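All remarks here apply to the structure that follows.
The values are calculated or read from the model by the stated rules, or taken from the named source; none is laboratory data. None of these values were measured; they are calculated from a predicted model. FYI the Cβ positions are ideal-geometry reconstructions off the backbone, even for glycines, and counts take in every protein chain you see. The accessibility values were calculated without ligands, DNA or RNA, using every heavy atom of the protein model including side chains. Shrake-Rupley method; radii C 1.70, N 1.55, O 1.52, S 1.80 Å.
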Amino acid sequence: MTPVARSNRWVHGLLLLGIAIAIPSVARSAEPAGVHKDIEFANVDGHSLKLDLYLPDTKHPPLVVWIHGGGWRAGSKAKCPVTWLTDHGYAVASISYRLTDKATFPAQIHDCKAAVRWLRANADRYGYRTEPMAVAGSSAGGHLAALMGTSGEVEELEGEVGGNLDQSSRVDAVIDLYGATDFVLRSKTQPHRANKEGSVVHRLLGGGADKRVALAKQASPAFHVTPDDPPFLVLHGDKDKTVLLDQSERIQQVYRDANLPLELRVLKGSGHGGKEFTSGPRRELMLEFLQEHLRPTTASRDLPRSTPESQGVDSASIRAFVREADETIDTMHSFMLVRHGHVIAEGWWSPESASKPHILWSLSKSFTSTGIGLAIAEGKLRIDDPVLKFFPTKAPSQPSANLKAMRVRDLLTMATGQDPLPRLAPDDVWTQKFLAANVPYRPGSRFLYNTPATYMQSAIVQQVTGETLLDYLQPRLFAPLGIAKPVWRSSPQGVSIGGYGLYLRTEDIAKFGQLYLQEGTWDGKQLIPSDWIAQATSKQIENADAPSGRNPDWRQGYGFQFWRCRHDAYRGDGRDGQFCIVLPNQEAVIVMTAKTNNMQGQLDLVWRHLLPAFDNVPLPENKVEQTRLEQALANLKVKGL
């Protein structure tokens with residue numbers, strides 16, 4: 001019976017039993033809409049840090065945090081030029097921070113992060129939502145907003161101001177209006193503003209940027225960019241003499257190098273500030289940016305939620321899994337359980353969060369093979385095409401017989417015949433380095449885990465489509481699943497790495513698993529051919545005798561960049577405990593992210609606690625156990641924090 005047929009049978013059973021498919025959440029009372037002034041979010045040595053909240057008359061509006069400018073020495077939260085956002089259904093929090101007459105850096109960023117943690121901790125009280133959340137600011141506030149965006153999990157910039165350390169200070173979108181992003185650069189292009197005693201940067205750093213170079217770098221958003229950083233919208237005037245345009249061009253270049261989304265709009269004839277930055281066409285631009293990044297995952301695009309029991313799963317068993325995973329796996333980052341297409345349990349170990357993309361490591365490989373499958377379905381290549389066909393100029397002058405025999409299929413099954421495997425260095429041309437490696441064994445004859453082989457799959461997709469694998473999958477996979485702006489790192493030649501380097505949210509991974517469980521259909525459309533999914537997830541080659549086969553779930557066979565598991569399951573997985581486990585017989589998907597060396601231990605917990613918890617019929621609702629499970633999932637924290 002297909003998953004679709006099983007799902008229809010399940011829904012029919014629910015209707016016969018009179019059980020609701022969707023369980024509505026209990027409404028919580030919240031503070032009324034309007035303006036709430038001077039709310040204290042922290043107190044540092046008797047100095048009260050406050051914020052103003054502007055709430056629209058809508059339920060659960062997304063939140064935008066505003067950080068005022070003033071050279072870090074002046075300005076006020078009272079002057080908030082984006083309160084008009086409430087007319088468009090956004091909540092706005094205008095926050096204060098310690099100015100340079102009270103403290104030097106990093107006090108300012110500590111205070112901003114404290115405000116964000118407080119806002120998350122008090123979201124239910126005031127009725128806004130913080131997943132996802134945007135931050136915006138102008139001038140000095142633009143600098144702090146940009147630094148908020150690029151310094152997620154930079155420990156020395158987190159601080160402990162205001163507590164709420166169980167909450168994340170990460171943000172999901174940044175609007176930077178003419179803020180500084182690189183004080184080292186500024187010390188050279190504007191020494192009178194960055195190095196001179198009494199200048200604004202000198203006051204901020206407690207010394208000139210040319211002298212306090214380490215601190216200047218720490219305070220510079222451009223020096224903290226990592227592949228999981230949020231999208232930016234940057235506005236800057238080309239006549240700005242206070243903060244030169246090169247500051248915004250600098251963050252643009254760093255983001256471009258990291259393959260991250262940043263849009264820089266240069267206002268012709270504008271200087272440092274002015275109403276034109278938050279009115280007219282720029283207002284519309286900001287609204288479009290916020291719409292794209294704060295409202296992409298509405299209920300219609302998220303997976304539906306319901307209670308475990310309504311989907312035939314015991315809440316107590318899930319709680320036992322969560323408890324033992326928390327106690328024995330060092331350290332879990334997230335967990336999501338999907339049954340019959342409904343999320344029935346989800347949790348993040350703080351400071352991880354639902355909106356934060358996580359590195360997938362080799363779980364990326366399953367997405368890469370999906371790209372190959374789609375390209376084959378479009379007639380752009382065949383699975384038994386020789387690899388050399390795609391790279392005639394990168395091949396050795398006299399390729400061996402085994403290299404000539406290597407097919408796309410052998411890349412997919414990690415049976416290239418290479419040994420030792422090629423090591424791809426930053427200075428190498430990666431396709432050429434791969435093809436130059438020794439191939440002593442007949443391709444297809446033996447399994448040997450081979451990440452460079454997955455890179456070659458990505459390179460083939462780019463060769464036959466003219467697009468990177470990331471761009472190729474965007475309209476075919478990511479956009480239909482509602483996966484917003486995924487990030488995939490590239491090789492020195494500009495090819496998506498394929499074997500690793502993809503960053504996604506936990507629910508994005510769950511959607512991918514659910515798509516495979518549904519045999520490639522999504523919202524009534526066939527996104528991936530079902531016969532490809534059947535091939536990709538079935539055993540294509542034996543792997544028990546490979547070096548990777550020391551653990552039981554690593555010797556059940558290998559498909560096309562998917563591992564077979566015990567219990568007739570299959571999975572994509574990645575280093576440090578990244579899992580997307582699909583259980584067709586149970587109509588379930590399990591996602592875990594982590595940073596651990598005990599990946600077999602994670603799977604053992606799934607088999608011990610979750611596998612026996614799946615029933616074939618809905619269970620009676622158990623409010624007591626559901627509440628205990630919710631509490632357990634809400635109070636998770638990464639070890640050592």
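Placing unit charges on C-beta atoms (Lys and Arg positive, Asp and Glu negative, everything else neutral), compute the dipole magnitude of the chain about its Cα centre in debye, rounded to 20.
Working: 72 positive and 69 negative charges, 208 e Å.
My answer is approximately 1000 debye.
Calculate how steeply helix 3-17 sits against the longest principal axis of the alpha-carbon atoms of the chain, using the helix alpha-carbon long axis, and give the answer as 0 to 90 degrees to the nearest 10.
Here the helix axis deviates by roughly 70 degrees.
Roughly how tilted is helix 506-517, in degrees to the nearest 10 and between 0 and 90, from the longest Cα axis of the chain?
The angle comes out near 20 degrees.
Can you list, bin by bin at 5 Å, the percent of alpha carbon pairs in region 207-366, starting at 0?
1, 7, 11, 12, 15, 13, 10, 9, 8, 6, 5, 2, 1
State the percentage of accessible surface on the chain attributable to carbon and sulfur atoms; use a 1.4 Å probe and exclude ligands, DNA and RNA. The partial results should precede the final answer.
Values: 12230 of 25370 Å².
On the chain, the fraction of accessible area on carbon and sulfur atoms equals 48 percent.
For the full complex of protein chains and a 1.4 angstrom probe, list ASP384, ASP45 by accessible area with the highest value first.
Most to least solvent-accessible, the answer reads ASP45, ASP384.
Cα centroids of region 422-489 and region 574-622: how far apart, whole angstrom?
Each part's Cα centre sits 28 Å from the other's.
Skipping prolines and chain starts, which residues have an amide H placed within reach, meaning under 5 Å, of the one on ARG407, given they are 5 or more residues away or on another chain?
Result for ARG407 returns VAL387.
Heavy atoms only, probe 1.4 angstrom, no DNA, RNA or ligands counted: give me LYS404, LYS59, LYS365 ranked by accessible area, highest first.
LYS59, LYS404, LYS365
Positive end of the dipole of the chain, charges at C-beta (+1 Lys, Arg; -1 Asp, Glu), about the Cα centre: which of LEU363, TRP72, LEU610 has its Cα farthest in that direction?
Going by the Cα projections, it comes out as TRP72.
How large is Rg over Rh for region 132-218, taking Rg from the Cα atoms and Rh as the Kirkwood inverse mean of 1/r across Cα pairs?
Rounded to two decimals, Rg over Rh is 1.01.
Could you list log10 I(q)/I(0) for region 548-641 at q = 0.14, 0.17, 0.23 Å⁻¹, which the Debye formula gives when each Cα is one point scatterer?
For the requested q values the scattering log ratios are -0.63, -0.88, -1.29.
For Cα extents along the principal axes in Å, one of [x] 71, 70, 43; [y] 78, 58, 45; [z] 103, 62, 47 was computed from the structure I shared and the rest are decoys. Which label?
[x]
Roll a 1.4 Å probe over the protein heavy atoms and report the accessible area of GLU507 in Å², nearest 10.
In the full protein context, GLU507 sits at about 10 Å².
Of HIS60, TYR90, GLY141, which is farthest on the positive side of the dipole of region 37-141, counting Cα position, with +1 on Lys and Arg Cβ, -1 on Asp and Glu Cβ, and the Cα centre as origin?
GLY141
How do the peptides 514-520, 558-564 rank, highest first, by the average count of neighbouring beta carbon atoms within 10 Å per residue?
On the way: 514-520: 22.0, 558-564: 25.0.
Ranking the peptides 514-520, 558-564 by packing returns 558-564, 514-520.
Just to confirm, what accessible area per residue do you get for the chain at 1.4 Å probe, in whole Å²?
40
Looking only at the chain, where both bridge partners belong to it, what percent of the DSSP beta bridges are antiparallel (to the nearest 5)?
Rounded to the nearest five, the antiparallel share is 65 percent.
Heavy atoms of the protein only, probe of 1.4 Å, neighbouring chains included. What is the accessible area of THR393 in Å², nearest 10?
My reading of the accessible area for THR393 is about 120 Å².
Please work out the ratio of the alpha-carbon Rg of region 83-187 to 2.2 N^0.38 Å and round it to two decimals.
1.07
Which one of GLN535, TYR500, PRO547 has its Cα pushed farthest toward the positive end of the charge dipole of the chain, where Lys and Arg give +1 and Asp and Glu give -1 at the Cβ?
TYR500
So how exposed is VAL624, as accessible area in Å² (1.4 Å probe, rounded to 10)?
So the heavy atoms of VAL624 present about 90 Å² to solvent.
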